[in-house]
Amino acid sequence: MKENALQVLLVEDNAGDARLLREMFSKEKPDSFELTHLLRMSEAAVHLAKGGVDIVLLDMGLPDGHGLDTVRRARAAAPKVPMIVLTGLDDEALAAEAMKEGAQDYLIKGQIENRALPRALRHAIERHRMQTETDLILTHQMQFKDEFLSHVSHELRSPMTAIYQFVTILLDKLAGEINPEQHEYLEIVLRNVKQLQSMINDLVEVTRVQEGKLTVDLQCTSVSDAISYTVGTLQGAAKGKGVALSLESSPALPLTYADPTRIRQILIILVDNAIKFTPENGSVKVQARMLNEDPRFMVVEISDSGCGISPDMTERIFERLYQVPENGQAGRKGLGLGLYICKELVTRQAGRIWVTSSPQGSIFSFTLPVFSLAHAISPLLKNREWPSDSVALVTVEVSSPDGLLSKETREEWSREVRNLLERCVIPDLDVLLPKMGPGGRGELFQIVAFAHEKGVAVLTKRIREQFQRLNHLKESGLTCSTSYKLLEPAQPKADVPIEDLANEMAARIENLIKSERSGRTVSHG
Amino acid sequence: MANKKILIVEDDPDVRQGLSLRLRANGYDIFFAGDVVASLIEARKHQPDLIILDLGLPAGDGFLVIERLKAVEALAAIPIIVVSARAGVANQERALAAGVKAFLQKPVDNGELLAVIQNALGAPAQPKEPAQLSQPNRRRVLL
């Protein structure tokens with residue numbers, strides 16, 4: 001191998017084309033290029049993997065590769081080596097696509113002038129080097145920015161705390177009487193403090209998304225409750241702006257399988273936005289209903305009578321840091337992170353979010369999966385001679401003696417117990433049901449087990465033993481009790497589809513769960 | 001009934017003062033400490049009913065305070081509430097595993113803080129005067 005010579009790999013199956021290119025290289029200074037010529041992509045991939053190639057000249061019409069696929073394979077074999085593709089006269093569109101796939105340039109066969117070839121090679125190498133450098137800088141910048149955001153948002157919290165504390169101290173007259181005008185001004189300070197606070201929270205949230213630390217805790221959740229909560233929380237803000245905020249409830253919606261805290265978070269962002277972009281005397285409505293096209297989902301809609309969003313923006317507004325430009329609305333716009341966070345949260349709960357808009361207003365919609373017990377237990381029904389098997393509903397109740405635990409502590413140990421139970425159940429025999437709303441003094445966990453009384457006894461023994469090992473839970477006075485109910489065996493039916501079996505079984509288990517819960521509500525007063 | 005005693009371990013003097021005004025108005029007696037060593041001295045001296053603890057402290061951090069308190073028999077049972085600018089599940093889990101009663105993130109809503117304190121103390125405090133809250137509790141999204 002000649003020193004300092006540029007190592008060129010030519011992948012070309014047409015002998016005529018290859019000869020032409022060889023001739024062009026031969027006219028250059030003898031030590032400036034060294035050409036390796038291969039006929040097949042498969043050979044090229046092997047050669048590239050060895051390293052040492054400075055640039056690839058790749059024909060897009062190889063016998064063992066098709067157009068863009070060839071480019072992708074070459075990129076995969078040597079992602080760091082620049083590449084020029086060779087195409088026919090009628091393939092310029094394809095060549096442009098190749099550049100999107102990472103080729104630095106393209107040359108049209110039969111139109112390559114003698115002196116243009118070495119120049120094209122050098123330019124491609126230089127372009128590739130610059131691109132690599134820019135990418136690296138960009139990655140570092142993004143990393144730095146995320147760390148910076150995280151640091152800043154934490155540092156901002158202490159001064160924010162002091163401002164919040166003293167404003168509320170004045171407002172609550174802990175430092176003496178204030179006159180109505182002073183009260184009004186302090187309310188303005190407080191409102192702005194809260195706005196800043198929510199911006200900081202958005203920043204932290206986005207940093208989490210970037211770091212992949214955004215968590216959702218899926219359980220059986222009432223969307224109607226979350227909507228009522230949100231409308232109640234933001235009613236004051238709507239009144240202050242002269243906007244009518246209302247909820248239109250559909251009768252008896254099923255529960256969804258989602259994170260209640262996250263649903264509230266999504267709703268707060270969307271309803272808050274809707275109020276912000278709706279002029280005085282306008283209206284904002286929140287509604288939940290079943291999704292017509294797919295009954296496995298529920299859709300929540302937030303409609304406003306605001307100025308609407310132009311059609312070409314309806315996708316982009318969910319991008320990070322995107323803001324509707326010059327919307328003619330007075331006042332602050334915020335950071336432009338809310339919708340991005342919403343999209344992340346909805347997606348992580350297996351839903352989707354979109355907006356439809358007209359000059360009369362916008363409708364933001366998001367879907368959430370409906371919780372289905374039948375769906376949860378259906379894996380167990382496969383390969384099973386049901387209904388001759390026994391089915392039991394095992395209830396595990398973990399409670400604290402005084403019931404006075406903070407929400408956070410409770411969530412913490414509830415998570416631990418859930419992990420413990422997941423370890424105790426046998427994946428193909430039992431299903432640990434998701435959380436079904438708040439418990440009383442403690443938390444209820446329920447397991448559908450395909451077991452007879454003996455099997456249930458083994459399961460509950462295992463659970464109690466495992467619980468005894470969680471010392472810190474025991475020390476905080478938590479106790480664990482188990483009980484079970486056997487589902488009466490149904491009459492065997494032949495040739496019933498598994499969905500129907502699951503539905504029928506689910507309905508009976510649901511009844512059992514209901515009776516179990518109502519029994520507990522009474523006994524705890 | 002004597003007022004319940006709360007020790008505030010916090011190095012930011014403004015936040016400290018703000019907290020103590022709010023808590024005194026709700027019928028608690030307040031003591032301060034601004035670092036790890038002072039917090040242990042003050043805890044021994046006053047035997048507080050509850051400790052409010054910041055995690056970011058000069059010369060050591062809140063976790064060290066928790067560790068030292070839990071190591072002293074006379075102080076180990078005092079309930080601790082962490083109020084910190086630090087967030088994150090990792091900090092939260094570490095604190096809860098170390099035995100703190102609750103983990104709140106700054107800035108804490110007044111209503112939420114008072115409710116958590118009452119829970120931790122196990123009995124409602126006796127306010128000197130009816131201390132209303134300037135805003136209804138807007139629930140913070142805890143992460």
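Convex hull volume per residue, computed on the Cα atoms of the range A:112-266, equals 265 Å³. The aspartates and glutamates whose alpha-carbon is closer than 16 Å to the alpha-carbon of residue A:29, local same-chain residues fewer than 8 away aside, are A:3.
In this simple spin-label model, placing a label point 7 Å from the Cα along the Cα-to-Cβ direction at both residue A:146 and residue B:74 gives a separation of 4.9 nm.
Cβ-Cβ distance of residue A:119 and residue A:350, R₀ of 41 Å, FRET efficiency by 1/(1 + (r/R0)^6): the value works out to about 0.20. Taking one equal scatterer on every alpha-carbon of the range A:1-67, how large is log10 of I(q)/I(0) by Debye at q = 0.13, 0.25 1/Å? Here the Debye-derived log intensity ratios amount to -0.36, -1.14.
When every alpha-carbon pair in the range A:44-166 is counted, what percent end up more than 25 Å apart? Everything past 25 Å amounts to 42 percent.
In this structure, residue B:64 and residue A:178 have a Cβ-Cβ separation that, at R0 = 45 Å, corresponds to a calculated FRET efficiency of about 0.60.
Considering only the protein assembly as shown, what is the antiparallel percent among its DSSP beta bridges, to the nearest 5? The antiparallel proportion sits near 50 percent. Using only alpha carbons, the range A:180-233 has a radius of gyration to Kirkwood radius ratio (Rg to Rh) of 1.16.
Within the range B:1-113, how many lysine pairs that are 8 or more places apart, or on different chains, have C-alpha atoms less than 21 Å apart?
Summing the qualifying lysine pairs gives 8.
Using bins of 10 Å that start at zero, the share of Cα-Cα pairs per bin across the range B:44-93 amounts to 24, 55, 20, 1, in whole %.
Annotation: peptides A:254-262, B:107-115, ranked by per-residue average of other Cβ atoms within 10 Å with the highest first, follow the order A:254-262, B:107-115. Site pair residue A:239 and residue A:192 shows an inter-label distance of 2.4 nm when each label is modelled 7 Å from Cα along Cα→Cβ.
Peptide A:162-175: average number of partner chain Cβ atoms within 10 Å per residue?
Values: counts 10, 3, 8, 14, 6, 2, 9, 7, 1, 4, 9, 5, 7, 2.
So the per-residue partner count for this stretch is 6.
In chain A, Rg over Rh equals 1.10, where Rg is the alpha-carbon radius of gyration and Rh the Kirkwood radius from pairwise Cα distances.
Please tell me the relative contact order of chain A in percent, rounded to the nearest whole number, where contacts are Cα pairs under 8 Å and at least six residues apart.
So the answer I get is 9 percent.
Site pair residue A:485 and residue B:45 shows an inter-label distance of 6.0 nm when each label is modelled 7 Å from Cα along Cα→Cβ.
Based on the convex hull around the alpha carbon atoms, the range A:146-192 presents an average projected area of 3.5 nm².
Under the definition of partner shielding as Cβ atoms of other protein chains within 10 Å of a residue Cβ, what is the mean value for peptide A:209-217?
Working: counts 0, 0, 0, 0, 4, 1, 2, 0, 0.
Other-chain Cβ atoms within 10 Å of each residue's Cβ, averaged: 1.
Partner shielding of B:9-18 amounts to 4, given as the average count of beta-carbon atoms from other chains within 10 Å of each residue beta-carbon. By the rule of a C-alpha distance below 19 Å, with chain neighbours fewer than 8 residues away ignored, the lysines paired with residue A:285 are A:239, A:241, A:276. The aspartates and glutamates within cross-link reach of residue A:80, meaning a Cα-to-Cα straight distance under 16 Å and a gap of 8 or more places when in the same chain, are A:54, A:101, A:105, A:126, A:133, A:135.
Each value in this text was obtained by applying a stated rule to the coordinates, not by laboratory testing. All figures in this text were calculated on a predicted structure; none of them were measured in a lab. Neighbour counts run over all protein chains shown; Cβ positions are idealised from the backbone, glycine included.
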